[in-house]
Each structure stands twice: as C-alpha cells, then as structure tokens.
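Before any comments, here is the structure.
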Amino acid sequence: MRPFEYASPNSKEQVAALLGTSWEQGAILAGGTDLLALMKDDVVTPRRLVNVKGIDTLRGTSYQPGNGLRIGALTTIAELADSKDLAQYPMLFEAVTEAASPQIRNLATIGGNMCQRPRCWYFRSGMGLMPMTKDGKSLVVAGDNRYAAILGTQTGAYFVSPSTIAPALIAYGAKVRIYSAKASGSGVRELPLGRFFITPKSAKEREHDLKPDEMVIELIVPPPPQNLKTGYFEVRQKAAFDWPLAMAAVALQMDGNTVKSARVVMGHVAPVPWVSDEAAATLVGKTITPDTAMAAANAAVTKAKPLSMNKYKITLAKAAVKRAVLKAGGAA
Ligand SMILES: Cc1cc2nc3c(=O)[nH]c(=O)nc-3n(C[C@H](O)[C@H](O)[C@H](O)COP(=O)(O)OP(=O)(O)OC[C@H]3O[C@@H](n4cnc5c(N)ncnc54)[C@H](O)[C@@H]3O)c2cc1C
C-alpha cells in the first residue's frame, strides 16, 4: 500500500476542508470494508484518509411519524438491522439483513454502502470504470462480461451498481443529504436518492453525484403511506459473502385490492439502481396476480441489451421482478 496521511476530524466542516478538490487528494474512511481493499490493490490512491468515525452526530436512526426515518451516514448496517425504527419499513429490514455477511454488516456504514465502488473486475484490476482496448473499444464488450449490466449501458459504462440496499430505499422514496461547504445556507444539499446515482459518460466521471470535498451525512426515508405494500427479491448464487446477480424492490400503493401507484427498482442490472417506469405502469389499476406480475417482469426488461455472456441476466431480472411484485401483493 502507498503511504498516506491520516486525519481524524470531529466535525463535517473539518472533513470538507481536509478532503480537498480532487479525488486523489483525500478519501473518506468510514467502515473501510470497501475503501481499504481498493487501496491495498492500488486501484484508488488517496494522499490523505479522512476517518469520519469520530463524528457522533452522524450515527444512529430516529423515526418521527410526520417526517419519517432519519438514518445517519455512520450507522452500521448491523445497527440499522437492529433498529426498532425499521418496523415501519419491512422491505428495508429485509434488504439490510440480506446484505453481505454478519462480519461486514458490523463494520460497514450506510453512507459507505451508498458510495461503495463497483465490483466490476476490470475496475478492480485498476482499468477504470470504462475499460478500453488499445483500439478504443470496450474491453467489457470484447471480454468476459458475464456479470455486466444489461440496461442503461448507452454511455459505454457496463458495471453494475453494487448496493442492494439502495434499490429498497429508492422504492420507499428516500432522499440523501450531502454536506457541501459550497452549498448555500447550512451547507447541506438534498436530492432524491435515485438521482444520487449517475451513469458516467467518461472514465473521468464517478458513479455518484458527489464532489471530492462532499460527504453524505444522512438518508431520509419518508413515512410509509397507509396501504403501502412492499416486496423484495434477490437472485443469489450463495446466501452470504456475495452480491446478487439480479434483484428487485417493489413498493405498491394499494386502493383496496387495486394498485394505485407503483415503484419498481431493480439492482445489479445497470450502472445505477434501475427504476423501471415501464414495469410500474403495467401494474397501475390492476390487482396482483401471477399474470400481472409476469407482465410487469416482461416490461422491466424490454429495453435490455445483453452482451455475449449475460443474456441469462434477463431471465433472472424477470424472475426477481415477478417474485417481488407477488410478495408485495401478498400472493407469493
Ligand atoms: C464479501 C462482501 C459481500 C458484500 N455483499 C454486499 C451486499 O450483498 N449488498 C451490499 O449492498 N453490499 C455488499 N457489500 C459491500 C459492503 O456493504 C460495502 O463494502 C460497505 O457498505 C461499505 O461501507 P463502509 O462504511 O465500509 O465504506 P468504506 O469502505 O469506508 O467506503 C466506501 C466508499 O465510500 C466512500 N464513503 C464512505 N462513507 C462516505 C460518506 N459518508 N460520504 C461520502 N463518501 C463516503 C469512501 O470514501 C469509499 O470510496 C459486500 C462487501 C463484501 C466485502
């Protein structure tokens, strides 16, 4: 590992000053379950590590019926799973208890989970987010692409967004709050979590809407409306110590037995958590049956463009959507 400076600030204002204006200058260290592995492999090489774990105000959860759930960025996934506040959000509970492994959940923070870097093996070998052959073609298209994205690849980014918790949060309509020394007023900017994830257009860009000197401080999940039904489904090769091959998080606002509005969010199929408006539209005005769930699953992948080795992911993504919809409808 290369030498680096180490700082342990106790306020978010100090964090911003220590990070600097380029990614190479400084990196936030939270649980370290992702960042330290990337540094050991020489994939990221920050000159300064800014350990934020001393900022107590960024820890813990709280729930208020009018405002919903606040999750501090330094809350570990294990603490979140243990929080009584998750009783209101059964799909989020399922997502956090299925993520990673007990050991990792004890260290990994929710802020770090949102900001974790892609698991794409080209990226992890130091070839960047959009690896190219010498003649300027995508190495992923030409190479081993069995785990690559099947949706949203127009810019030439083929990695998949790794967080399995983000799709559940997005289905609940969560927002992310970011401390930015340059933002006016309190220095905090807020955006829908779905807009936090971006597909890079070039290898110089990142996959999150964060500047090098910004920090995620908390997530806000709105209070679940009455009659909200949710369903979550992951297709995994193994139950722990791994990421799924495809997954879906579904939130249905019901009017009796009929779907009034729907959110369908897929994971591990695109460079961002993939919100499928097409799948949601098929559900509105319907009751949940195996047929309507299948129609949503088919609609979710109509725009899929598989590569040479990952056509199977279409089948898995469809299965994840269908089963998540059936779970939400209570029919699974
Ligand atoms: C074997 C294994 C299996 C896993 N399985 C899953 C899974 O099923 N689902 C899943 O979702 N994840 C999974 N993970 C990933 C794991 O959840 C992440 O590594 C973890 O959540 C990252 O959190 P951390 O606090 O350790 O982040 P760190 O490693 O400290 O940081 C990760 C990145 O985020 C940045 N960062 C951290 N906190 C902030 C912040 N507050 N603001 C801005 N930037 C920040 C860091 O600079 C770094 O770039 C798995 C990991 C392993 C090793």
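Bear in mind these aren't lab numbers, they're just calculated from the coordinates by the rules spelled out. All figures in this text were calculated on a predicted structure; none of them were measured in a lab. FYI the Cβ positions are ideal-geometry reconstructions off the backbone, even for glycines, and counts take in every protein chain you see.
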Dipole moment magnitude, nearest 20 debye, the chain about Cα centre, only Lys, Arg, Asp, Glu C-beta charged: 600
- prompt: Normalised by the number of residues in the chain, what is the relative contact order in percent for Cα pairs under 8 Å and 6+ residues apart?
  reply: 17
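Over segment 152-233, what is the relative contact order in whole percent, taking alpha-carbon pairs under 8 Å and six or more residues apart? Could the numbers behind the result be given before it?
Numbers: 96 pairs, mean separation 27.7, N = 82.
Over segment 152-233, the number comes to 34 percent.
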Reachable aspartates and glutamates from Lys313, criterion Cα separation under 16 angstrom, eight or more residues apart if same chain: Asp144, Glu234
- request: At a Cα cut-off below 20 Å, give the lysines reachable from Lys201, other chains included and same-chain residues fewer than 8 away excluded.
  value: Lys134, Lys137, Lys211, Lys303, Lys305
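Which order do Thr97, Thr33 fall in if you start with the one that has the fewest other Cβ atoms within 10 Å? All intermediate terms of the calculation are to be shown ahead of the outcome.
Values: Thr97 15, Thr33 19.
With the fewest neighbours first, Thr97, Thr33 line up as Thr97, Thr33.
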field: Max mean-square fluctuation residue, GNM over the chain, Cα-Cα springs under 10 Å, options Gly187, Gly231, Gly267
entry: Gly187
task: Have a look at segment 228-328 and give its Rg and Dmax from the Cα atoms, expressed in angstrom.
output: 13.1, 44
Segment 162-220: C-alpha gyration tensor shape, a/c 1.5 cut-off, then a/b vs b/c: oblate
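Among the chymotrypsin sites (Phe, Trp or Tyr not before Pro) in segment 196-271, which ones are in a DSSP loop with at most 11 other Cβ atoms within 10 Å of the Cβ? Mind listing them?
Working: sites: Phe196, Phe197, Tyr232, Phe233, Phe241; in loops: Phe241.
Taking segment 196-271 and a limit of 11 other Cβ atoms within 10 Å, the loop chymotrypsin sites (Phe, Trp or Tyr not before Pro) found are Phe241.
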task: Using the charge dipole of segment 228-328 (Lys, Arg: +1 at Cβ; Asp, Glu: -1 at Cβ; taken about the Cα centre), state which of Met309, Thr287, Leu252 has its Cα farthest towards the positive end.
output: Met309
Diffusion constant of the chain at 25 °C, which comes from Stokes-Einstein with the Kirkwood Cα-pair radius and 0.890 mPa s, µm²/s: 121
message: Quick check on the exposure proxy: order Glu13, Glu234 from fewest to most C-beta atoms within 10 angstrom.
response: Glu13, Glu234
field: Rounded Å value of the spacing that divides the Cα centres of segment 1-25 and segment 172-212
entry: 18
- line: The alpha-carbon center of segment 150-168 and that of segment 84-128 are separated, in whole Å, by 14
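Compare the peptides 173-181, 69-77 by average per-residue count of other Cβ atoms within 10 angstrom and give them in order, highest first. Don't jump to the answer; show the numbers that get you there.
Numbers: 173-181: 20.1, 69-77: 23.2.
Result, highest mean Cβ count within 10 Å first: 69-77, 173-181.
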